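Readers should treat all values here as calculations from the given coordinates under stated rules, not as data from a laboratory. The model shown is predicted, which means the values in this text are computed figures rather than measured ones. Here the Cβ positions follow ideal geometry from the backbone for every residue, glycine too, while neighbour counts run over all protein chains shown.
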Amino acid sequence: MSGEAYRRRLRRVLTAAGVRRAGDVAMFETALTHQSYAKEHGTESNERMEFLGDSILGCVTAEWLYGRFDGEPEGLLTVRRAAIVNDSQLARSAQRLGFSALVKLGAGMQSAGGSENTSILADAFEAFIAALYLRYGIETARRFIVAAHIEDLDHSAEALLDAKTRLQHFTQEHLRATPIYREISRGTPQHPAFKSRVSINGRIVGRGDGPSKKSAQQAAAAAALLSLLESAAG
């Protein structure tokens with residue numbers, strides 16, 4: 001793809017992102033430049049922008065969740081945020097926008113299929129967010145994150161963000177096991193207060209409470225997910 005054709009295509013992406021009269025797109029070219037290309041051509045990579053974009057994405061996502069799920073406990077909000085900002089979902093959003101054809105890679109990385117690499121696409125998406133922020137401000141970046149990613153996830157938002165669903169997927173993929181929920185207590189008819197726990201392979205991995213059986217199980221699943229993810233990261 002020639003330089004001018006590349007820039008025309010990049011401007012179309014910016015138009016889709018809500019940017020009018022994009023003008024100079026050099027900053028966005030940098031956002032799509034992988035370190036392998038930068039080393040070969042002596043240019044700047046997108047690593048610094050990816051660092052900034054990651055923080056902006058996390059902040060905007062947290063703000064959106066805080067408003068969308070009023071009154072929900074911190075643990076479940078954390079699980080929901082993790083579902084939105086994980087690399088697989090970011091890469092899918094990048095692919096929908098056509099980043100696979102725009103990301104700049106070194107020859108070896110290009111030959112190895114880097115344009116479809118989940119981590120590379122996710123990093124480019126975060127760097128693109130940073131470029132929007134630096135060039136046009138936080139409101140443009142926020143609109144892009146919500147419209148091009150959060151509200152356009154591949155799966156239904158409720159299924160993707162549901163803690164029980166995510167826990168089941170995680171345990172079946174990594175532990176070859178199915179979560180078992182048990183109700184501990186439910187308060188009184190006048191003052192319902194459900195408490196639930198979840199076990200995997202006979203070991204209790206999470207507890208939660210809520211005004212209904214469903215919400216208590218969701219809270220227990222969220223606690224279990226946090227514990228399992230922390231263990232996996234450690």
Table column - 3J(HN,Hα) (Hz), the stretch 201-211, Karplus curve with 6.51, -1.76, 1.60, x for Gly and Pro:
6, x, 10, 6, 10, x, 10, x, 9, x, x
Quick one: compute a quarter of the convex hull surface over the Cα atoms of the stretch 80-150 and quote it in nm².
4.8 nm²
Pairs of lysines in the chain (C-alpha under 26 Å apart; 8 or more residues apart or interchain):
6
At what distance in nm do the modelled label points of S55 and T15 sit from each other, each positioned 7 Å from its Cα along Cα→Cβ?
3.4 nm
Alpha-carbon Rg with Dmax, taken over the chain, Å:
21.0, 71
Around H174: net Lys/Arg minus Asp/Glu count, Cβ-Cβ under 14 Å:
0
Interchain or long-range residues, amide H under 5 Å from A193's placed H:
G187, T188
Which value, in debye to the nearest 20, describes the size of the charge dipole of the stretch 1-62 about its Cα centre when Lys and Arg Cβ atoms bear +1, Asp and Glu Cβ atoms bear -1, and nothing else is charged?
440 debye
In order over the stretch 138-150: 3J(HN,Hα) from phi, Karplus 6.51/-1.76/1.60, θ = phi - 60°, whole Hz, x for each Gly or Pro, gives 5, 5, 5, 4, 5, 4, 5, 4, 5, 6, 8, 10, 4
For a distance above 19 Å, tell me the whole-number percent of Cα pairs in the stretch 162-233 that qualify.
29 percent
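Stokes-Einstein D for the stretch 1-109 at 4 °C, 1.567 mPa s, Kirkwood Rh over Cα pairs, in µm²/s?
Roughly 82 µm²/s, to the nearest whole number.
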Determine, for L229, L32, the number of other Cβ atoms within 10 Å of each Cβ, and report the residues in order from fewest to most.
L229, L32
Tally Lys and Arg at +1 and Asp and Glu at -1 over the other residues with C-beta under 12 Å from the C-beta of L225: what net charge comes out?
+2
How do T43, T171 line up, fewest other C-beta atoms within 10 Å first?
T43, T171
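So which chymotrypsin sites (Phe, Trp or Tyr not before Pro) in the stretch 3-80 pass both tests, a DSSP loop state and at most 16 other Cβ atoms within 10 Å of the Cβ?
Listed in order of number, the matching sites are F69.
Summing -39500 (n - 2.57) over the DSSP H runs of n ≥ 4 in the chain and dividing by its residue number, what mean residue ellipticity at 222 nm do you reach, to the nearest 500 deg cm²/dmol?
That calculation yields -19000 deg cm²/dmol at 222 nm.
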Mind checking the full-extension length gain between R96 and S227? Use 0.36 nm per residue of separation minus the Cα-Cα distance, one decimal, nm.
43.9 nm
Suppose R0 equals 45 Å; then what is the FRET efficiency for S212 and H41 from their Cβ-Cβ distance, rounded to the nearest 0.05?
0.20
Rh (Kirkwood; distinct C-alpha pairs) - the stretch 113-219, Å:
17.1 Å
Quick one: 3J(HN,Hα) in Hz for the stretch 122-134, Karplus 6.51/-1.76/1.60 with θ = phi - 60°, rounded, Gly and Pro as x.
5, 5, 5, 4, 5, 5, 4, 4, 4, 5, 4, 5, 5
Measuring from label point to label point, each 7 Å out along Cα→Cβ, what is the S119 to L175 span in nm?
2.6 nm
Charges on Cβ only, +1 for Lys and Arg, -1 for Asp and Glu, centred on the Cα centroid of the chain; of H174, L14, F51, which one is farthest towards the dipole's positive end?
H174
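What number comes out for the charge environment of R9, summing +1 per Lys or Arg and -1 per Asp or Glu over other residues with Cβ under 13 Å away? Before the final figure, lay out each step's value.
Numbers: positive: R7, R8, R11, R12, K104; negative: E4, E29.
Its environment carries a net charge of +3.
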